[in-house]
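Below you'll find the structure, written out as structure tokens, and then a few comments.
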Amino acid sequence: MQLCIREYESHDLEQVLKLSHAFYAGIQGSFSLVDNIMGNRMIAKYVISDLETGLIYGYALLAEQIMQKIKLRLEFVVKNDFTLMEVIHELYNKIENVIKKVAPYTVETRMFTPNSKEINFFTGKGFKENHRMVKQILHIQSANIDSITGLENDLQNKGIIISTLAEEKVYRSESLNDLKRLILDTNPDFPNELPSHLMQPNKDTSWLNKSELIPEAFFIAIQEGCYVGYSCLFKGPNNSLIQGNTAICRDLRNLGIATLLKLRGISFAKMNSFDIIYTANRDSNRSMARINEKLGWIMYDSEIRMEKIVNKQYGI
């Protein structure tokens, strides 16, 4: 076997997809950069290839995660679990040369099980753990939703009702535009580790067009005709659902709105005979962790996110 590092070519796609699918198998709520390998935010693509057979033993992708190349994401997938160390170092060196030219503020990489070889490898390259995404699972049929009626009544007394995107589309011509405004207004409240001078408003609402999004399971809190909170579910594999974002306007927090929105999601799952809802939250997001724990989600894995600060003077 004679391995070499070369740039990705279009005929490599099938093999790279197989590696990606094997790596991400059973990991819910995470996505591979391979899904957007031809996208305009992709910066570098390399593969480990056998010169004789053409077989691919690994790949490295580098993509822009936050606009203006403030933050890049590195996906590094290798067969045989980091045992081909010489060629793995060579693959990383190729990527590092690109990183130096781009000079972002930071680069992030992700790993999904505590793998000491992988962690030690990236630690040796200057990466440090930044945070973890705590992955949780809720078994629907054993979930308790007895509190839903009382909580609905309490919020109705405060002038807050719950609707769905499916219902709003029928009765409210501007429902999507109003929902987008709510999403953009609440996006800054999600946890963000970047320095304040590098934080940018997240203007992405394209996920509303995903085919997996379920309008009947997209719950919206409304007060005096204004959208003030939302929580949504996506179709997952094998009769499961994946919990999307949950967000509430700042001045209406701690009233139980987020809890009720998630309870409505669990009720939808029960009525439609789904088995599981997967969710994830940053380990630093204790408020959402408390809601999830209260509703019966249990941790089953965590996604480690390691980061390397490349250019501390970026944007100064």
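Bear in mind these aren't lab numbers, they're just calculated from the coordinates by the rules spelled out. What you see is a predicted model, and the numbers here were worked out from it, not measured in a lab. We place every Cβ from the backbone using ideal geometry, glycine too, and count neighbours over all the protein chains shown.
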(request) Hand me the chymotrypsin sites (Phe, Trp or Tyr not before Pro) from the stretch 1-98 located in a DSSP loop with no more than 12 other Cβ atoms within 10 Å, in residue order please. (result) F31
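So how many Å³ per residue does the convex hull of the Cα atoms of the stretch 102-253 work out to?
On the way: hull volume 27.8 nm³, N = 152.
Measuring per residue, one finds 183 Å³ for the Cα hull of the stretch 102-253.
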(request) Would you mind computing, in nm to one decimal, how far apart the modelled labels at K101 and L208 are, each placed 7 Å from Cα along Cα→Cβ? (result) 3.8 nm
(request) Take the stretch 1-84, drop everything but the C-alpha atoms, weight them equally and run the Debye formula without solvent; then report log10 I(q)/I(0) at 0.18 Å⁻¹ to two decimals. (result) -0.78
(request) Specify the angular offset, from 0 to 90 degrees and rounded to the nearest 10, of the alpha carbon long axis of helix 175-186 from the longest principal axis of the alpha carbons in the chain. (result) 70 degrees
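How high is the FRET efficiency between N36 and S147 when r is their beta carbon distance and R₀ equals 45 Å, given to the nearest 0.05? Don't skip to the answer; put the middle values down first.
Details: r = 41 Å, r/R0 = 0.90.
Plugging the Cβ-Cβ distance into 1/(1 + (r/R0)^6) gives 0.65.
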(request) Please report, in whole Å, how far the alpha carbons of the stretch 120-179 spread along each principal axis, starting with the longest. (result) 56, 35, 24
(message) Strictly over 22 Å apart at the Cα level, which of K45/K235; K125/K203; K69/K203 would you flag in this model?
(response) K45/K235; K125/K203
(message) What is the angle, in °, between the Cα long axis of helix 85-102 and the longest principal axis of the Cα atoms in the chain? Nearest 10 is fine, range 0 to 90.
(response) 70 degrees
(request) Mind checking which aspartates and glutamates have their Cα closer than 14 Å to the Cα of K135? Skip sequence neighbours fewer than 8 apart in that chain. (result) D283, E293, D301, E303
(request) Express in nm, to one decimal, how much length is gained between F190 and K294 on full extension, taking 0.36 nm for each residue of separation and deducting their alpha carbon distance. (result) 35.4 nm
(message) What three numbers, in Å, describe the spread of the alpha carbons of the stretch 184-316 along their principal axes, ordered from the longest?
(response) 53, 40, 30
(request) Against the globular-protein guess of 2.2 N^0.38 Å, express the Cα radius of gyration of the chain as a ratio, rounded to two decimals. (result) 1.11
(request) Any chance you could give the angle, 0 to 90 degrees and rounded to 10, that helix 257-271 forms with the longest Cα principal axis of the chain? (result) 90 degrees
(request) Please give the net charge around L263, taking every other residue with its beta carbon less than 11 angstrom from that of L263, where Lys and Arg add +1 and Asp and Glu add -1. (result) +2
(request) Averaging sequence separations of C-alpha pairs under 8 Å and six or more residues apart, then dividing by the length of the stretch 1-76, give the relative contact order as a whole percent. (result) 31 percent
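Grab the DSSP H runs of the chain that are 4 residues or longer, score each as -39,500 (n - 2.57), total them, divide by all residues and round the 222 nm result to the nearest 500 deg cm²/dmol.
Numbers: 8 runs with 93 residues, N = 316.
The helix contribution divided over the chain gives -9000 deg cm²/dmol.
How charged is the neighbourhood of N192? Take every other residue with its Cβ under 12 Å from the Cβ of N192, and add Lys/Arg as +1 and Asp/Glu as -1.
On the way: positive: K71, R282; negative: D189, E193.
Here the count lands on 0.
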(request) Give, as a single signed number, the net charge of other residues whose beta carbon lies under 11 Å from the beta carbon of M299, with Lys and Arg counted +1 and Asp and Glu -1. (result) -1
